[in-house]
1. For residues that are among the β-branched types (V, I, T) and over 27 Å from H6 (Cα atoms), scanning just the range 95-142, find the one that is surrounded by the fewest Cβ atoms within 10 Å (Cβ to Cβ).
2. Every residue in the range 3-22 that is hydroxyl-bearing (S, T, Y) and either within 13 Å of D73 (Cα to Cα) or surrounded by fewer than 16 Cβ atoms within 10 Å (Cβ to Cβ) (or both), please.
3. Evaluate the following for R87: is it of a type in the set (K, R) and under 13 Å from the mean Cα position of the chain (by Cα)?
4. Could you run through the range 40-53 and say how many residues are at positive phi and not in a loop (DSSP other than H, G, I, E, B)?
5. Could you list, in sequence order, all residues of the range 94-142 that are assigned to a strand (DSSP E or B), closer than 15 Å to A58 by Cβ and not hydrophobic (A, V, I, L, M, F, W, C)?
6. Out of the range 78-89, which residues are surrounded by 17 or more Cβ atoms within 10 Å (Cβ to Cβ) and farther than 18 Å from P18 by Cβ?
7. Can we say A58 is surrounded by 12 or more Cβ atoms within 10 Å (Cβ to Cβ), of a type in the set (G, A, S) and more than 30 Å from E111 (Cα to Cα)?
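Read-outs: derived from the displayed coordinates by stated rules, not from any lab. Predicted model, so just to flag it, every value in this text is computed and none were measured. Please note: Cβ atoms are built from the backbone with ideal geometry, for glycine as well, and neighbour counts cover all protein chains shown.
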Amino acid sequence: MAASLHFADVEVGTEIPPVDFPIRRVNLVKYCGASGDFNTIHWNERLAVSVGLPNVIAHGMFTMALAARVVTDWVGDPGAVREYGVRFTSPVVVPDDDIGAVLTVAGTVEEKLADNRVRVGLTARSGDARVLAGARVVVQLP
């Protein structure tokens, strides 16, 4: 984990470089076990396609967690998150091959708030699709 980032170290417009998260079916199966969400659209291609999806899709909360990790790694403290919200715009489609999908997440400091907090806006894409909209994280900095 990185050393803790300080409020004085950031300005509006400070960018968090993009991070690529490879996602394969094995990640989804592990997340099913960890979260208790065994919905078949997250591991069974036949069923996912039968309900109108293009293929198996990643859990929304898994996608959300990976996106937040970009900020917590940047800050150096997962406990610094005070608020986090997103809107899901497209699923992360995970084909059953040796490649899977890639979720690319980047951030920008949008606002410095009172009490040493900053609001970070996130972008999250998989392939050509924007998968999260309005993704904002407020973190408390020392």
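1. I99
2. S4
3. Yes; evaluated as a whole, the condition is true for this residue.
4. 0
5. T104, R125, S126, R130
6. A80, Y84
7. yes
Table: residues versus (1) within 17 Å of D20 (Cα to Cα); (2) acidic (D, E).
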residue	(1), (2)
A67	yes, no
G76	no, no
P91	yes, no
D96	no, yes
K112	no, no
